[in-house]
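What follows is one structure encoded as structure tokens, with my remarks underneath.
The values are calculated or read from the model by the stated rules, or taken from the named source; none is laboratory data. Computed from a predicted model, the values in this text were never measured in an experiment. All Cβ positions, glycine included, derive from the backbone under ideal geometry; neighbour counts span all protein chains shown.
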Amino acid sequence: MMLLAVQVGSKRKNNSNGMGNGNYSGICHSWGADGRCISLLKILFSNCCMYDCKYCINRCTNSVKRATFTPREIADLTINFYKRNYIEGLFLSSAVIRSPDYTMEMLIKTVDILRNEYNFNGYIHCKTIPGCSKDLIDKLGNLVDRLSINIELPSNESLKLLAPQKEKTGILAPMNYVSKNIKQNRLDKNKYKTDFVPAGQTTQLIIGATPESDLKILKLSENLYKKLSLKRVYYSAYISVNNDKNLPTLEAPPLLRENRLYQADWLLRFYGFKADELLDEKHQNFNNLLDPKCDWAIRNLDKFPIEINTADYFALLRIPGIGVISAKKIIRARRSFLLDFESLKKLGVTLKRAKYFITCKGKYFDKVYKFNSSFIETNLVYQEKLSIPNKSYKQLSLFDNLQNSNFQFSSFQSEKQKLLLFNKIQPSKEDKIKCLTGNL
Ligand code: SF4
């Protein structure tokens with residue numbers, strides 16, 4: 001279990017006369033079922049770990065300062081922060097102290113104080129410790145909103161190499177148990193007094209610490225969504241904090257790859273793509289210079305062009321530059337009139353991507369029909385480069401995807417202006433809500 005710090009973008013520290021510290025972090029954000037943003041206190045119960053995961057700063061073989069809270073300390077901290085309006089909920093994780101069961105008992109005690117002593121009804125997301133007993137999962141699941149069990153690495157071989165105390169079946173078994181309990185609880189509402197994990201379960205995968213391909217990772221995610229109904233799979237670029245012969249030497253965390261996997265994950269969940277369509281044995285990794293939909297489209301030019309005025313919803317979703325919102329707008333608008341390229345712009349279609357793959361009223365955009373795959377690729381890569389700001393390895397936002405943006409670059413002259421604006425673009429509120437709540 002790794003606690004991911006939330007960057008606050010400030011280095012200002014407190015002094016002996018003041019209060020507050022701009023440098024420390026610990027508040028992160030999540031989204032409720034209604035799309036509302038919730039501030040969470042994100043905290044480790046303990047960093048005294050008995051395990052030796054090679055990639056983790058808190059592994060037992062590292063010489064780092066160790067600390068463990070008591071359940072009451074975390075409960076009091078949460079309530080006091082809540083009363084001061086700093087946070088609306090808690091994201092509680094922990095290293096493995098003494099044993100998985102003991103750690104789970106500590107987490108349960110903490111949440112129990114919050115729920116049953118302080119009557120705290122705010123959002124609580126808690127990690128489950130693989131290897132703990134089922135009755136402890138039941139107890140915790142009846143107290144919290146969301147549970148997560150981190151898969152950490154995409155294969156058993158990698159787990160053996162880098163997290164020798166963990167194994168795939170030991171992680172998948174509790175996930176399976178949580179999934180079955182959630183389904184059972186929803187089917188038989190009258191039998192159960194409380195909702196079991198009402199906000200569903202999630203997991204996290206570390207990207208780039210081991211050699212698994214994007215295809216292998218996406219297939220794993222696809223199975224988790226299909227078989228265990230996971231709400232989200234989170235991808236976390238490997239950040240080097242330890243020296244170990246089994247760890248890769250990376251110049252920088254693979255943040256662009258992480259972002260591409262998030263984009264591909266959207267394609268799996270909301271756009272009707274399958275993992276082995278997006279990638280195959282010949283192409284096991286995405287071309288990171290392109291977004292995954294463009295990458296797929298260029299390798300499948302025989303499926304294009306798609307006629308905008310007749311294609312069904314799912315065919316429209318396969319066109320680079322057309323997202324869920326614009327596909328729906330197209331379907332609505334063409335009931336009244338036949339669409340041309342001008343009307344597509346007005347509907348928010350990103351024509352700089354879409355123009356290579358579509359026809360309107362049977363006509364290509366300008367002289368696009370003469371273009372071949374390498375020409376399209378070169379142009380799309382050039383456009384994509386605008387989104388990689390100056391090779392500084394900035395954490396890319398989940399919402400850096402511009403497929404649904406209504407923004408048009410054409411009215412701005414300089415590359416610098418474009419770049420500045422590009423970095424400010426956000427998808428519409430509707431898009432964010434739907435993607436984050438899985439209601440697309
Ligand atoms: S279980 Fe592994 S990843 Fe989690 S805190 Fe311990 S050493 Fe780190």
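Right, Y238: within 15 Å of E152 (Cα to Cα), of a type in the set (F, W, Y) and touching a residue at least 12 places away in the same chain (Cβ under 8 Å) or not? Criteria met by Y238. Please find, within segment 83-97, the residue that is surrounded by the most Cβ atoms within 10 Å (Cβ to Cβ) out of those that are away from the ligand (no atom under 16 Å from the Cβ) and within 26 Å of the chain's Cα centre (by Cα). If we take residues in segment 83-97 being away from the ligand (no atom under 16 Å from the Cβ) and within 26 Å of the chain's Cα centre (by Cα), then L90 is surrounded by the most Cβ atoms within 10 Å (Cβ to Cβ).
Is it the case that some residue within segment 120-134 is assigned by TED's automatic domain parsing to the domain that holds I182, buried (at least 18 other Cβ atoms within 10 Å of the Cβ), within 12 Å of the ligand (Cβ to nearest atom) and among the charged types (D, E, K, R)? Yes: segment 120-134 contains one or more residues that are assigned by TED's automatic domain parsing to the domain that holds I182, buried (at least 18 other Cβ atoms within 10 Å of the Cβ), within 12 Å of the ligand (Cβ to nearest atom) and among the charged types (D, E, K, R).
Entry remark, segment 145-192: residues being away from the ligand (no atom under 14 Å from the Cβ), in contact with a helix residue (DSSP H, G or I) (Cβ under 8 Å, 6 or more places away or on another chain) and in a loop (DSSP other than H, G, I, E, B) number 3 in total. Filtering segment 341-367 to residues that are in contact (Cβ under 8 Å) with a residue 60 or more places away in the chain and on the phi > 0 side of the Ramachandran plot leaves nothing.
Within the set S148, S158, the sole residue that is surrounded by 18 or more Cβ atoms within 10 Å (Cβ to Cβ), assigned by TED's automatic domain parsing to the domain that holds S94, touching a residue at least 40 places away in the same chain (Cβ under 8 Å) and within 24 Å of L90 (Cα to Cα) turns out to be S148.
Taking segment 214-307 as the region of interest, the helices (runs of 4 or more DSSP H) fully inside it that hold 3 or more residues being aliphatic (A, V, I, L, M) and crowded, with 19+ Cβ neighbours inside 10 Å are 214-228, 255-270.
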